[in-house]
Amino acid sequence: MTDSTIPSDRPAIAEDLFCQNCGYNLRGLTGDICPECGNSLAGVRSETCGIPWVHRKSLGWWRGYWKTIALAMFRQRSFAEEMARPVNYADSQTFRWITILLVCIPTAMALAATYALVPPVRHQGQWATLLYPDVWPVLVMYVCFVLYLAAATGIPSYLFHPKDAPVAQQNRAIALSYYACGPMAISFMPLTCYVLGLSLIRVQEKAALLLFLLAFLLPGGQVAAWWLDLIHLSRRLTPQQDRRFDVAILLPALWLFLAFLFLIALPFCILAIVGVFLSLA
């Protein structure tokens, strides 16, 4: 075994990078092995970015996207070693917005299927040609839901920039945190269960109820996977400061606050203002 203190051709690690096995600070080491636990530092030493999304032009967008989700969720040791290399912020934002899109599109399709399978009663009135009372509030809620997703996927980044770390490392940690929202991309599964439940409710009531139950439970599993991924990632990125408690407690509180703001308070205000406008028309 090569001792990391023995002179080598490797340049000394110039940043506060940490062994993903024991948390040892690797700054100044010139070897390829952690002197504390003997863990290989090949991932830290590598000059090639290991995030598949960055290589999407060669891998293909679809493959690069899902391989990145698998990396962030199941290979966090390798994923956190990307702190040793520059992480493209624009790439992480593109990944985040594609994830939001993969939630929004199935949700819109599920809403459309709801109105197709359970047509609303269309009320007559002065505004009937423009607004259906059973439809436009849902559209307002949908827009607020999109705003909530944008806020909820962005706010974890505020917990991933320790003030004692150099700005470059803070920026890398923030960019890496955006990849953790990947589990939300499987929203098509609960929404498919919901639509199938609607289509079967009149012919197979028990099967429909089971599908509705899955449609209700699966989103909770997605959020839990996202939350746990962020908790584990926070420990991997900054092992010298165990920030798991901050992420585990503060992040759900922030998500609940955003839910109240965007899914309750904002729709209520919009609907109230539109209601007053319609009553005066």
query = Helix 251-260 sits at what angle to the longest principal axis of the chain, using alpha carbons and giving 0 to 90 degrees rounded to 10?
reply = 20 degrees
Placed amide H near Phe18: partners under 5 Å, 5+ positions off or other chain = Leu26
task = Starting from the Cα gyration tensor of the range 162-281, take the square roots of the eigenvalues, sort them a ≥ b ≥ c, and report rounded, prolate or oblate (rounded when a/c is under 1.5, otherwise prolate if a/b is larger than b/c, else oblate).
result = oblate
request  = Compute the Cα gyration tensor for the range 13-91, then decide on rounded, prolate or oblate, letting a ≥ b ≥ c be the square roots of its eigenvalues: rounded whenever a/c is under 1.5, prolate when a/b is larger than b/c in the other cases, and oblate in all that remain.
outcome  = prolate
task = Taking 7 Å along the Cα-to-C-beta vector as the label spot, tell me the Asn171-Leu213 distance in nanometres, rounded to one decimal.
result = 5.1 nm
Whole-Hz couplings from phi, Karplus 6.51/-1.76/1.60, listed for the range 184-196; x for Gly and Pro = 5, 5, 8, 4, 4, 5, x, 5, 5, 4, 5, 5, 4
ask   = Based on DSSP H runs of at least 4 residues, each adding -39500 (n - 2.57), what is the mean residue ellipticity at 222 nm of the chain after dividing by all its residues, to the nearest 500 deg cm²/dmol?
value = -18000 deg cm²/dmol
remark   = With 0.36 nm assigned to each residue of separation and the Cα-Cα distance removed, Val140 to Phe188 gains 15.1 nm
key: Cys residues of the chain counted as unpaired, since no other Cys beta-carbon is under 4.7 Å   = Cys49, Cys104, Cys144, Cys181, Cys193, Cys269
remark   = With a Förster distance of 25 angstrom and the Cβ-Cβ distance between Ile105 and Val274, calculated FRET efficiency to the nearest 0.05 equals 0.45
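Since every read-out is calculated from the coordinates, none of them should be taken as a lab result. What you are looking at is a predicted structure, and each value in this text was computed from that prediction instead of being measured. Glycine also receives a Cβ, built like all others from the backbone with ideal geometry; neighbour counts cover every protein chain displayed.
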